[in-house]
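The values are calculated or read from the model by the stated rules, or taken from the named source; none is laboratory data. Remember, predicted model here, so these are calculated numbers, not experimental data. SASA here: full protein model, heavy atoms, side chains in, ligands and nucleic acids out. Shrake-Rupley method; radii C 1.70, N 1.55, O 1.52, S 1.80 Å.
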Amino acid sequence: MRDAILKTMISLKHDDRGVTLVEYAIALLLAITFGVAAMTVLGNGFSASMGNAAAAMP
């Protein structure tokens, strides 16, 4: 039983298939974070421009 668990742990340690999944997850998380940050900055700038335009109208 102990040998079977040890062999399984060794085989999982040398398996690299899960690494790419983690890398893709990190890349997706970074892309979402930067996308939300960019939309927030652009949204705030757009809101300020619309506020200035509305204040300039009679």
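Taking square-rooted eigenvalues a ≥ b ≥ c of the alpha carbon gyration tensor, is the chain rounded, prolate or oblate, where a/c under 1.5 means rounded and, failing that, a/b exceeding b/c means prolate? Before the final figure, lay out each step's value.
Numbers: a/c = 12.71, a/b = 6.81, b/c = 1.87.
Prolate shape, in that a/c is at least 1.5 and a/b is the bigger ratio.
Please compute the length gained on full extension between residue 52 and residue 20, using 0.36 nm multiplied by the number of residues separating them and subtracting their Cα-Cα distance.
Computed gain between residue 52 and residue 20 is 6.7 nm.
Figure the gain on full extension for residue 2 and residue 29 (residue separation times 0.36 nm, minus the Cα-Cα span) and round it to one decimal in nm.
5.9 nm
What accessible area per residue, rounded to a whole number of Å², is obtained for the chain using a probe radius of 1.4 Å?
Details: 5460 Å² over 58 residues.
Here the residues of the chain average 94 Å² of exposed surface.
Given a 1.4 angstrom probe, I'd like the percentage of the accessible area of the chain that is carbon and sulfur, rounded to a whole number.
Exposed carbon and sulfur together represent 73 percent of the surface.
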